[in-house]
Amino acid sequence: MEQHQHRAVVVGAGIGGLTAAVALHQRGWQVTVLERATDLTPVGAGIALAPNAQRALDVIGLGDRVRALSAWQGDGGMRVPGGRWLARTDAKAAAARFGGPLVLLHRATLVEILTSALPGGVVRTGVAATVTDPGDDHRPARVTTSDTGTGARSELEAELVLGADGIHSATRRTLFPDHPGPRYSGSTSWRVVVPAPARPFAPHETWGAGRLWGSQPLKDGRVYAYAMAVAPAGAHAPDDEKAELLRLFGDWHHPVPEILAGVDPDRILRHDVHHLPDALPAFHRGRVALLGDAAHAMMPSLGQGGNQAVEDAVVLAHHARTAPDFLPGRALAAYTADRLPRTTAIVRKAARTGALTMLSARPAVALRSAAVSAASLFGPGLALRGFDGICDWHPPVDPGTPAETGTETEAETSAGTEAGTGPEARTEAGTGTDAATRPK
């Protein structure tokens, strides 16, 4: 008799949803990915993958491909708008401490790597999806789909549904209607990818008063730049976003003016920064699990949003091993137990660090700069200590698989993160820098 193949439906084809689809497919699940957008062109620019996310991608056999197509973050540091270096980073020291360097690639490249690991037809674009019944151990979950072009509707049943539908997740609202949802952080962000300027530069992140700029080289010769500034929610430039960036950053040090000169105003991405400071009671209900921004959206101040989504995906697949006695309640409860403490701690730390980066009062900005400069005198070790508990994470090991020396599960590392040992790459007191470790 033919063995039943478990069916999983993934709502959302972002980094987390696609990683989960690959991981589940490799474990024998029949996977369908539903994406509302009409194509998979990612909304974003660069993404930095720290060693923790790279190890998760190694589990599904894609880590080497990512590293081969990525720029390996070199030495850089943290600066002030006039150009003075507050601290310098040591990429070799970071790689030695955490088992590998940070790598940077365009989001489109990562999406292509992930989709190439899935069979044709798995990803369905132009399809909106709504969870109508989360199911339980005795009945399947139900998802209603609607073609965004024709309006044609259908219904899918699945043993497992993953809500990877982003910070404004409809799946999260269905599972937890009383949760307050995302909150505006007080800052807005811009992202661009442009040709590299003629004059070379070191990777850097520069902190001003209520403003931040980062410039990071990509492997293909272009530059990924990102910026943040304190702004009212929903604000937009009176003319265009390039003019706004020139007003805010046009007189900052090299290479900022040169990068801005090469920016196409129509290709600037601007988004208000929202996050989920109020933790969910769980990351699952019935047969439905949440991952990535749908579960724990965080400020970009730690550069861990996408990394944590990749971790989510691999951990969820680890607990969703197909077996004749597969019980979604037990599997997803284990997923929540692994992921909720760790990601809650990182969300909180990202919020605290984001507040530090967006300080506006001159005395506070001066004190922050002095603290970072003083900490840099002790070498990279003090700054790197802030990464402990996050970048040294290892994926859980399947039963019967020899464990690596020092491998930790989510539950084992979450306690250390909550205690305040996760990486800002600069600590909450401003005693380090992550300028070469945190492109958004």
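The values are calculated or read from the model by the stated rules, or taken from the named source; none is laboratory data. On a predicted model such as this, the values are computed, not experimentally measured, just so you know. Cβ: placed from backbone, ideal geometry, glycine included. Neighbour counts: every protein chain shown. The protein model used for the area step is the full one, side chains on, heavy atoms only, and it has no ligands, DNA or RNA in it. Shrake-Rupley method; radii C 1.70, N 1.55, O 1.52, S 1.80 Å.
Round to a whole number: what % of the accessible area of the chain belongs to carbon and sulfur, probe 1.4 Å?
Whole-percent figure for carbon plus sulfur exposure: 54.
Given the options Ala13, Ala361, Ala170, which has the most mean-square fluctuation in a GNM of the chain, springs set between C-alpha atoms less than 10 angstrom apart?
Ala361
May I ask for the angle, rounded to the nearest 10°, between helix 107-116 and the longest principal axis of the chain, with both axes built from Cα atoms and the value confined to 0 to 90°?
For 107-116 against the chain, the angle is about 20 degrees.
So how do 82-92, 155-165 stack up, highest first, on mean other-Cβ count within 10 Å? Could you put the intermediate results ahead of the total?
Values: 82-92: 17.8, 155-165: 24.5.
Output ranking for 82-92, 155-165: 155-165, 82-92.
Provide, as a two-decimal number, the C-alpha radius of gyration of the stretch 200-249 over 2.2 N^0.38 Å, N being how many residues it has. Intermediate results must be reported in sequence, preceding the final value.
On the way: Rg = 12.7 Å, N = 50, 2.2 N^0.38 = 9.7 Å.
Here the answer is 1.31, to two decimals.
Would you work out the charge dipole size for the stretch 75-170 about its Cα centre, treating the Cβ of every Lys and Arg as +1 and the Cβ of every Asp and Glu as -1, and quote it to the nearest 20 debye?
Dipole of the stretch 75-170, to the nearest 20 debye: 800 debye.
Suppose we look only past 16 Å in the calculated P(r) of the stretch 116-169. What percent of the Cα-Cα pairs does that tail hold?
Looking at the stretch 116-169, the distances longer than 16 Å represent 53 percent of pairs.
Give me log10 I(q)/I(0) at q = 0.21, 0.25, 0.29 Å⁻¹ for the stretch 265-329, Debye formula, one equal scatterer per alpha-carbon, no solvent.
-0.95, -1.15, -1.31
Given a 1.4 angstrom probe, what's the average accessible area per residue across the chain, in square angstrom? Can you show the working numbers first?
Details: 17480 Å² over 440 residues.
I get 40 Å² per residue for the chain.
Kirkwood Rh, Cα Rg: Rg to Rh for the stretch 208-285?
Rg/Rh: 1.08.
Could you put Phe176, Phe249 in order of accessible surface area, largest first, with the 1.4 Å probe and the full protein assembly present? Mind dumping the intermediate values first?
Values: Phe176 35, Phe249 0 Å².
Solvent-accessible surface, decreasing: Phe176, Phe249.
At 222 nm, what helix-only mean residue ellipticity would the chain give, in deg cm²/dmol to the nearest 500, using -39500 (n - 2.57) for each DSSP H run of four or more? Numbers along the way, then the final one.
On the way: 14 runs with 142 residues, N = 440.
-9500 deg cm²/dmol, from helical runs alone.
Compare the peptides 126-133, 201-208 by average per-residue count of other Cβ atoms within 10 angstrom and give them in order, highest first.
The peptides rank, most packed first, as 201-208, 126-133.
Kirkwood hydrodynamic radius (Cα pairs, Å) of the stretch 77-188?
19.0
Relative to the first principal axis of the alpha-carbon coordinates of the chain, what is the inclination of helix 15-26, with its axis defined by its Cα atoms, in degrees from 0 to 90 and to the nearest 10?
Between the helix axis and the principal axis of the chain, the angle is about 40 degrees.
Compute the angle between helix 328-357 and the longest alpha-carbon principal axis of the chain, please, reported from 0 to 90 degrees and rounded to the nearest 10.
10
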